[in-house]
Amino acid sequence: MVAIGGPENAWARFGMRRAGQLVLSVWVLVTAAFLMIHVLPGDPVRASLGPTAPLALIEQRREQLGLNDPLWLQYLHYLGNLFTGDLGVSMSSGLPVQEVISTRLGSTVEMALLAFAVAVVVSVPLGLLMAVLARDTRRRGGDWALTSAGVVVATIPEFLMAVGLVFVFSVQLGWLPVAGRSGPSSYVLPVLSLAVGPAFMLARIVRVELLAVLQADYIRTARAKRLRSGAIYLRHALPNALTATLTIGGLLLGALVAGTVLIENIFAWPGLGGTIVGSILAKDYPTVQGVVLVYGLGVLLINLVVDVALAVLDPRSAIREA
Amino acid sequence: MPVASHASKRWIGALRSPLGITAAVLLVAVLVLAVVAPLIWQGRADAVQSAEILQGPSSAHPVGTDLLGRDIFARVLVATRLSVGLALLATAIGVTTGLLLGTAPVLLGRRAGRWIGALINIAVAFPALLLALFFAVIFGVGAKGAVLAIGFATAPGFARLTQTMTATVSSRDFIAAARVAGIGRMRILARHVLPNIAEPLVVSATMAAGTALLSFASLSFLGLGVQAPSYDWGRLLGEGLAQIYVHPAGALAAGIAVVLAAMAFNLSGEAVARAIGLRSTHAGKRAETATDHQIAQSEPEPDASDQPLLAVQNLQVSFPTASGEVTPVRGVSLTVRKGEAIGIVGESGSGKSLTALAIAQLIERPGQVRADRLDFLGADLREGVEQSKNELRRLLGTSLSMVFQDPMTSLNPTQRVGRQLAEVVREHQGADRRTAWRRAVDRLSAVRIPGAERRARQLPHEFSGGMRQRAMIGMGVMANPKLIIADEPTTALDVTVQRQVLQLLANIRAAEDVGLLFISHDVTVVGQVCDRVLVMYAGRVVEDLPTEALLHDARHPYTRALVAAVPDMTTDRDRPLAVIPGRPPDPHDLPTGCPYAPRCPLASDQCRQEDPALTTYAAGRRVACWHADLAPAAVPDNRTASDETNGLVQGDPVASENTDDQIAAPLGGERP
């Protein structure tokens, strides 16, 4: 059962495999974003400018976008431009797409990261508490109440959560602003709307994983060493429960990134989510293409970070998952 | 068809739980509304009343009116049909596409399957909403585009599920047989694969419908789904949000409708999943009936000449079950003196491991440990006895060590081995990090782990099984143990490694003068390390004898059967003592009289009526048998045919000599 080859070897293989996977995914994403415009039924320029647009303007736009070139040449141009960071020009504002994205990306990332941080900070202690309650025969009721509440809360999608929170905290209580991004108080509701569902979902995973880990033989070993129960939970059980939690956490973070689209639209947040919906409705295809690419890369980046974190936390995963 | 009726029974079983009833009622309500609501309320929902714009809730309009004075409640009810219908349509598209993609490896062969698999893997990485937005661009804004978008966004997840399940089913024997028989791929898929994965697929599809409902609401909410003048819940929600300050009921009504409907689908899926056993929420521990057992009699205390290391009297371990308490350990008494090695043998289920755990104070609630006496190094370990918890923890942490059965799982997989050892002295002796680490490395080399310095920095999975068990033993001697409890320490190891580990335990015992409580189902192994042997059956000690007497002078028929059933190199070690006819009694349902009587060749009427007490038979020997006086030679042969091949038939001089060798070998020269 000794690992064949040294640990360095295993890490190198893991790195190679993961890098190959990433390159392939990015290529599929880029190609999908490119083809998105070309598989559209009809002429995207005509669709975007409307049926009354003069023919000369349409022709000029087509030329400008390179739509008259053969497909493979357009593809090469597209790839070339991507490498220089050129995502094209917005059809509605005339601004370079990369400029539109760079002014708006920050606030989206900010919201997503804050929400994820809140979800993690809440879910781990909550899951731990639920597991401790579940193991204590006299306090099962507490676990049952928390678990049921969690199931209900986790079913409510983030945009409905947002509507509910706005109703309570902005309309009824008047404590927090209903929309916009101005000052710390405006962050509370968007971040909470995004974080509450994932927090409960993660807490449930932490609970289930912890309860499973606490049955493990090595926990009995830790108890045989007569460690304090705090040390058993935190030092021996939690690190082993976190790998599965992290895997699900990565999926949740990806979903959370997508959730920002809805939340930004509800709270009039000046981020990419507002941009993508606006440009889909305005048929501003270069912008849509660029934003889709950014969202997709964001998700791939999250998956990469999660995988590397998993490999570091649980070295077996890098070796086993061959 | 019996299979079908069995399946439908299970599905109906889903209805019996509170969860199932709630889910079914919600689901039926949603579906009925989807059919009837437009027939009844369509007129009200579309009636524009300019005089009643944006009114709050009233008796005429339960949740008020919208910008055009239309009744919002009626609109929410009417929107059920479009919302649910579109969601179901999208789910159908997603499930069909997913099934086609997922079964591609079966239909198209391996190579095409691998490419599709890779594509699915990339697609699942993206959140469904992002995929839906992507497809919404391609298929265009509107209800039709949204249905296709959500359908295709659902597909990758389904394809993955189908793929995994198909792969599992395909690898089973009957598929291989069908393939060999020359049955076509399509037929294999339709006849053999799909029926086997149908149930989980239907469950997932039900839950996917709930998700699709939410996704549709979000697309319509963003303005990318259903377009005016049509309306679904998402659209009503969007319209309501704009008026949330003026009158919030409008937005909330649509929101509640979406959540309830989505919950109807999710809960239905969950209920069915539980009923057909896809998800086990709580693994039922012991569900069978238990008879409350009167503890017959406690065993007399063996005479103690000097202060014992461990003194146990009338130890009982019990667990509550659904129908009362079971007591798998029923009054065990034993004594371990300083440096003495005591073995406990018995079949699995005899209570020997529970006895060890109870002595080590490792039985967890709801298990209960009772004893008339449970003294270790003069300290009373019994629960409820006045004592300092922390002092007791330190005493046990430093002086009592455990070695468990499975070294593969007994070390924490995420911590370096050295740290796990060092933890003992850091916790109990206040050693600093460096001292503790040095001690850990020293102990690892003491248990003959080569390159201990380097090994200490490794993780358990980099150790072999034998090395892990030695590391466990090393952990046991980190402090200064007085007693090592080894619970089947060699059962999971192969024979050569087993020898090394036994030798190591014997060495440590000799060098550090440590007492040893050695639990095993294997009489030979116990014979190799122990001075005395306790034989356990049905939660009690039935014989207590010196190791020398084990082979030829055992008094209890069960002990003799154990000895006769000793496995050798050719015996399957995973089947402990399978050659004793009959099975050990169920602790829930012990027979009256001697619990061994049903399997015993000597059993008489007395045996079947009265349970014999453990009584002193000769100096230092105890036995619980009405027929202990019968000489070993008089025992009728109750061995099965497989014993003959074991080569350990009693009275066979060659075989006996072998066994003697085995017992003497590891201890030769090691003991003073």
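The values are calculated or read from the model by the stated rules, or taken from the named source; none is laboratory data. Everything quoted here is computed from the prediction, not taken from an experiment. Because the Cβ atoms are built from the backbone with ideal geometry, glycine has one as well, and the counts that use them run over all protein chains shown.
Values as computed for the structure displayed
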item: Hits in the range B:180-192 - residues which are loosely packed, with under 14 Cβ neighbours inside 10 Å and β-branched (Val, Ile, Thr); result: B:Val180
item: Output for the range A:155-180, where each listed residue is more than 10 Å from chain B (Cβ to nearest Cβ), modelled with pLDDT under 80 and more than 18 Å from A:Asn265 (Cα to Cα); result: A:Gly174
item: Verdict on B:Leu517 being surrounded by 19 or more Cβ atoms within 10 Å (Cβ to Cβ), within 14 Å of chain A (Cβ to nearest Cβ) and assigned to a strand (DSSP E or B); result: yes
item: Members of the range B:372-396 found to be under 18 Å from B:Val424 (Cα atoms) and buried (at least 21 other Cβ atoms within 10 Å of the Cβ), listed by number; result: B:Leu396
item: Residues (free of Cβ contacts under 8 Å to residues at least 60 places away in the same chain and within 27 Å of the chain's Cα centre (by Cα)) located in the range B:407-418; result: B:Thr409, B:Asn412, B:Pro413, B:Thr414, B:Gln415, B:Arg416, B:Val417
item: Selection status of B:Gly145, assigned to a helix (DSSP H, G or I) and within 14 Å of another protein chain (Cβ to nearest Cβ); result: yes
item: Answer from B:Ala440, B:Ala436, B:Ala452 - the residue that is within 27 Å of B:Asp513 (Cα to Cα) and touching a residue at least 24 places away in the same chain (Cβ under 8 Å); result: B:Ala440
item: Residues of the range A:223-245 satisfying the condition of being closer than 16 Å to B:Phe404 by Cβ and more than 7 Å from chain B (Cβ to nearest Cβ); result: A:Ile232
item: Matching residues in the range A:281-291 - criterion: being part of a helix (DSSP H, G or I), of a type in the set (A, V, I, L, M, F, W, C) and either crowded, with 24+ Cβ neighbours inside 10 Å or more than 9 Å from chain B (Cβ to nearest Cβ) (or both); result: A:Val288, A:Val291
item: Hits in the range B:377-400 - residues which are under 20 Å from A:Ser229 (Cβ atoms), at pLDDT 80 or above and of a type in the set (Gly, Ala, Ser); result: B:Gly397
item: Set B:Met402, B:Met408: member being within 14 Å of chain A (Cβ to nearest Cβ) and either of a type in the set (Lys, Arg) or not in a helix (DSSP H, G or I) (or both); result: B:Met402
item: Filter result (closer than 17 Å to B:Gly69 by Cβ and more than 11 Å from chain A (Cβ to nearest Cβ)) within the range B:207-241; result: B:Ala228, B:Pro229, B:Tyr231, B:Leu236, B:Glu239
item: Filter result for A:Leu214 (at the interface with another protein chain (Cβ under 10 Å from one of its Cβ atoms), within 16 Å of A:Thr245 (Cα to Cα) and surrounded by 15 or more Cβ atoms within 10 Å (Cβ to Cβ)); result: yes
item: Residues located in the range A:75-92, provided they are in contact (Cβ under 8 Å) with a residue 12 or more places away in the chain and either in a loop (DSSP other than H, G, I, E, B) or surrounded by 14 or more Cβ atoms within 10 Å (Cβ to Cβ) (or both); result: A:Tyr75, A:Tyr78, A:Leu82, A:Gly85, A:Asp86, A:Leu87, A:Gly88, A:Val89, A:Ser90, A:Met91, A:Ser92
item: Residues that are within 19 Å of B:Gln243 (Cβ to Cβ), surrounded by 10 or more Cβ atoms within 10 Å (Cβ to Cβ) and over 24 Å from the mean Cα position of the chain (by Cα), drawn from the range A:165-175; result: A:Phe167, A:Val168, A:Phe169, A:Ser170, A:Val171, A:Gln172
item: Condition met for A:Gly183 (under 30 Å from B:Arg365 (Cα atoms), more than 10 Å from chain B (Cβ to nearest Cβ) and over 21 Å from the mean Cα position of the chain (by Cα)); result: no
item: Subset of the range A:36-65 that is surrounded by 12 or more Cβ atoms within 10 Å (Cβ to Cβ) and assigned to a loop (DSSP other than H, G, I, E, B) - its residue that is nearest to the other protein chains (Cβ to nearest Cβ); result: A:Leu40
item: Criterion: part of a loop (DSSP other than H, G, I, E, B), farther than 22 Å from B:Ala209 by Cβ and without any contact (Cβ under 8 Å) to a residue 40 or more places away in the chain - qualifying residue of A:Ser182, A:Ser148; result: A:Ser182
item: Residue within the range A:261-279 that is within 24 Å of A:Met91 (Cβ to Cβ), within 11 Å of chain B (Cβ to nearest Cβ), free of Cβ contacts under 8 Å to residues at least 40 places away in the same chain and among the hydroxyl-bearing types (Ser, Thr, Tyr) present; result: no
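Each row is one residue, and each column tells you yes or no for (1) away from chain A (no Cβ under 13 Å); (2) in contact with a Gly (Cβ under 7 Å, 6 or more places away or on another chain).
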site	(1), (2)
B:Glu453	yes, no
B:Met467	no, no
B:Ala471	no, no
B:Met478	no, no
B:Val526	yes, yes
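Conditions tested, residue by residue: (1) of a type in the set (Val, Ile, Thr); (2) buried (at least 20 other Cβ atoms within 10 Å of the Cβ); (3) in contact (Cβ under 8 Å) with a residue 24 or more places away in the chain.
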{"position": "B:Phe158", "(1), (2), (3)": "no, yes, yes"}
{"position": "B:Ser171", "(1), (2), (3)": "no, no, no"}
{"position": "B:Ala178", "(1), (2), (3)": "no, no, no"}
{"position": "B:Ala208", "(1), (2), (3)": "no, yes, yes"}
{"position": "B:Ala228", "(1), (2), (3)": "no, no, no"}
{"position": "B:Gly238", "(1), (2), (3)": "no, yes, no"}
